[in-house]
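Peer 1: This is the structure, below, for whatever I ask next.
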Amino acid sequence: MERGVEVAKVDELEAGEMKPVEAGGRTVVMLNVGGDLYALDDECTHASCSLSDGYLEGEVLECSCHGSMFNVKTGAVVQGPADQPVSSYPVHIDGESVYVTVGESG
């Protein structure tokens, strides 16, 4: 598996936090759910709003614009108005560094 692009250090995100990062020319939102890290496209598929401006509740990320909700682990739509999932990307941890591979959508 390709290591990807280094986007953060492990200790930058506490459980329940998220932040936008750049990886391979894309903006993705890194999320920490219970100590596990996930990466999704930072753009809502409904109205192109930034998901990193939204709200993280457990494994669900809610867009702040119109309330679309996405599963953090898969990018699947949990609740509309969005009807298309957001892309999720593999996260790899090596030591203290966090890598995201944007070429491999999950």
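The values are calculated or read from the model by the stated rules, or taken from the named source; none is laboratory data. Computed from a prediction, not measured in an experiment: that's the story for all the values here. We place every Cβ from the backbone using ideal geometry, glycine too, and count neighbours over all the protein chains shown.
Peer 1: Among the residues of region 89-98, are any over 12 Å from the mean Cα position of the chain (by Cα), small (Gly, Ala, Ser) and assigned to a strand (DSSP E or B)? Outline the logic, then answer.
Peer 2: To start, the set of residues in region 89-98 that are over 12 Å from the mean Cα position of the chain (by Cα) comprises 92-98.
With small (Gly, Ala, Ser) added as a condition, the list becomes 95, 97.
Filter once more, keeping what is assigned to a strand (DSSP E or B): 97.
Yes - at least one qualifying residue is present in region 89-98.
Peer 1: Moving to a separate point now. So in region 63-85, with the set limited to residues that are in a strand (DSSP E or B) and out of contact with any Gly (no Cβ under 8 Å at 6 or more places or on another chain), which one is nearest to Val33 (Cα to Cα)? Spell out how you get there, then give the answer.
Peer 2: Of all residues in region 63-85, those in a strand (DSSP E or B) come to 69-71, 77-79.
Applying the additional criterion that residues be out of contact with any Gly (no Cβ under 8 Å at 6 or more places or on another chain) yields 69-71, 77-78.
Details: Met69: 15, Phe70: 13, Asn71: 11, Val77: 17, Val78: 17 Å.
Once the filter is applied, the top-ranked residue is Asn71.
Peer 1: Step by step: first the residues of region 12-28, then only those that are among the acidic types (Asp, Glu) and closer than 18 Å to Leu56 by Cβ, then the one that is surrounded by the fewest Cβ atoms within 10 Å (Cβ to Cβ). Which residue is that? First the steps, then the outcome.
Peer 2: Start the filter on region 12-28 by keeping residues that are among the acidic types (Asp, Glu), which leaves 12, 14, 17, 22.
Checking which are closer than 18 Å to Leu56 by Cβ leaves us with 12, 14, 17.
Values: Glu12: 15, Glu14: 8, Glu17: 12.
That would be Glu14.
Peer 1: Within region 13-62, how many residues are among the charged types (D, E, K, R) and assigned to a strand (DSSP E or B)?
Peer 2: As a first pass, look at region 13-62 and keep what is among the charged types (D, E, K, R): 14, 17, 19, 22, 26, 36, 41-43, 53, 57, 59, 62.
Those still in the list that are assigned to a strand (DSSP E or B) too: 19, 22, 26, 36, 41, 43, 57, 62.
Residues in region 13-62 being among the charged types (D, E, K, R) and assigned to a strand (DSSP E or B): 8 in total.
Peer 1: Right, next: Suppose we filter Val72, Val77 for residues that are under 16 Å from Val28 (Cα atoms) and not basic (Lys, Arg); which single one remains? Steps first, please.
Peer 2: Numbers: Val77 fails: under 16 Å from Val28 (Cα atoms).
After applying the criteria, what remains is Val72.
Peer 1: A further question on this structure: Hey, does region 31-45 have a residue that's in contact (Cβ under 8 Å) with a residue 60 or more places away in the chain, among the β-branched types (Val, Ile, Thr) and within 24 Å of Ser97 (Cβ to Cβ)?
Peer 2: Looking for residues that are in contact (Cβ under 8 Å) with a residue 60 or more places away in the chain, among the β-branched types (Val, Ile, Thr) and within 24 Å of Ser97 (Cβ to Cβ), one finds none in region 31-45, hence no.
Peer 1: How about region 66-79: which of its residues are at negative phi and either in contact with a helix residue (DSSP H, G or I) (Cβ under 8 Å, 6 or more places away or on another chain) or modelled with pLDDT of 95 or more (or both)?
Peer 2: As a first pass, look at region 66-79 and keep what is at negative phi: 66, 68-74, 76-79.
If the condition is that a residue be at negative phi and either in contact with a helix residue (DSSP H, G or I) (Cβ under 8 Å, 6 or more places away or on another chain) or modelled with pLDDT of 95 or more (or both), then Ser68, Met69, Phe70, Asn71, Val72, Lys73, Thr74, Ala76, Val77, Val78, Gln79 are the ones that fit.
Peer 1: Which of the residues that make up region 28-61 are under 12 Å from Ser88 (Cα atoms), out of contact with any Leu (no Cβ under 6 Å at 6 or more places or on another chain) and not aliphatic (A, V, I, L, M)?
Peer 2: Asp41, Glu43
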